[in-house]
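To start, the structure itself, in structure tokens.
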Amino acid sequence: MNVSILQMPVKIGERAINMETAEKMTACAMSAPQKPDVLVMPEMWDIGFYPKHLAESADYLGNEGKAFLSALAKKYHVNIVGGSISEKNDTKIHNHAYIFNREGQEVADYIKTHLFSHAGENKRFAAGNELSVFELDGIKCGIIICYELRFPELARTLAMKGIEMLFIPAAWPLKRADHWDTLIKARAIENQFFVTAVNTFGHSVIVNPWGETISEEISENIISASIDMAQIAEVRNSINVYNDRRPELY
């Protein structure tokens, strides 16, 4: 599987500009000699995290964002993990991720379940109550969003559901970049799966089950890697933490 991260510069509250940026970056990524099978976008790429007038800026039922991502996936025949967008219904606003296959069909979605109270996210958004596991080109994947990287039990639950790749769209401040870098590697090592983490502000990375960075920048703000899923079996045959777990104790 070839994966490309779109580390987008996001303008707060400017959906049209951000969509234009996403379109241009997708075209650039898909013009690479080794085309990606999956494109990954950051948290709330549509309007940023987050405008003062959130209720006015949020996308009603996610209709505009979903239509855009679906069309993009179909046009380039590529799977898209659409980061997350600000989605609202008649009563609530969600930090909502949508995933599309190569035909532009929505194959999964996820509403952020752990909200960042330090930034007041829990006062402006409603939390989701379900995890998301899905397949892209036959590979089992899961998704968490930004702050949720700090909850190891969340990643482990997805691991126990059999995922081989964890996607983490984020808008993580660089003043805590050391936390970001350390936690990404920890989640990969302890669960022995791949992690693709895209952050609006930088330090986007793809990490293998040994905790090693395997990504490289192919153009400005586009980071890619070719992933060999067989490496998961190699790691687990070498140090099989799953066999040695004692869940009756915890």
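We did not get these values from a lab; they are worked out from the coordinates using the rules stated. These figures come from a predicted structure and were not determined experimentally. FYI the Cβ positions are ideal-geometry reconstructions off the backbone, even for glycines, and counts take in every protein chain you see.
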*Mind checking which aspartates and glutamates have their C-alpha under 14 Å from K52, skipping anything on the same chain fewer than 8 residues away?*
E14, E121
*State whether the range 121-207 is rounded, prolate or oblate according to the following rule on the C-alpha gyration tensor (a ≥ b ≥ c being the square roots of its eigenvalues): a/c under 1.5 gives rounded; otherwise a/b larger than b/c gives prolate, and the remaining case gives oblate.*
oblate
*Apply the Karplus parameterisation 6.51 cos²θ - 1.76 cosθ + 1.60, with θ equal to phi minus 60°, to every residue of the range 77-90 and state each ³J(HN,Hα) to the nearest whole Hz, in sequence, with x for glycine and proline.*
6, 9, 6, 10, 8, x, x, 8, 10, 7, 10, 10, 10, 6
*For the chain, modelled as a Gaussian network with Cα springs under 10 Å, which listed residue fluctuates most, I168, I232, I80?*
I232
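With an 8 Å Cα cut-off and a minimum separation of 6 or more residues, compute the relative contact order for the range 159-250 in percent.
This gives 22 percent for the range 159-250.
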*Which of M44, M160, M30 moves most in a GNM of the chain, Cα contacts under 10 Å?*
M160
*Given the pairs K24/K123; K11/K185; K74/K140; K35/K66; K75/K112, which span a C-alpha to C-alpha distance of over 32 angstrom in this model?*
K24/K123
*For the range 2-249, what is the percent of antiparallel DSSP beta bridges, rounded to the nearest 5?*
60 percent
_I want to verify a result. In a Gaussian network model of the chain, Cα cutoff 10 Å, which of these has the top mean-square fluctuation: A225, A155, A55?_
A55
*The list [x] 22.5, 80; [y] 20.6, 67; [z] 17.1, 52 gives values of Rg and Dmax of the Cα atoms in Å, and only one came from this structure; which label was calculated from it?*
[z]
*Which residues' amide hydrogens lie under 5 Å from the amide hydrogen of I227, considering only partners 5 or more residues apart or on another chain, with H built in the peptide plane?*
N2, V3
*With a cut-off of at most 10 other beta carbons within 10 Å, and DSSP calling the residue loop, which GluC sites (Glu not before Pro) in the range 164-225 qualify? Please list them.*
E220
*What's the extension gain from N240 to K161 if we count 0.36 nm per residue and subtract their Cα-Cα distance?*
26.8 nm
*Nonlocal amide H pairs with K140, under 5 Å, H built at 1.01 Å*: E164
_Tail beyond 14 Å, pair distance distribution of the range 168-250 (Cα, percent)_ = 65 percent
_Between the range 128-143 and the range 1-36, the alpha-carbon center distance in angstrom_ = 22 Å
*asked:* Give me the percent relative contact order of the range 2-249, please, defined on Cα pairs under 8 angstrom at least 6 residues apart.
replied: 18 percent
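What is the sum of charges around A32, taking Lys and Arg as +1, Asp and Glu as -1, for the other residues whose C-beta is under 15 Å from the C-beta of A32?
The answer is -2.
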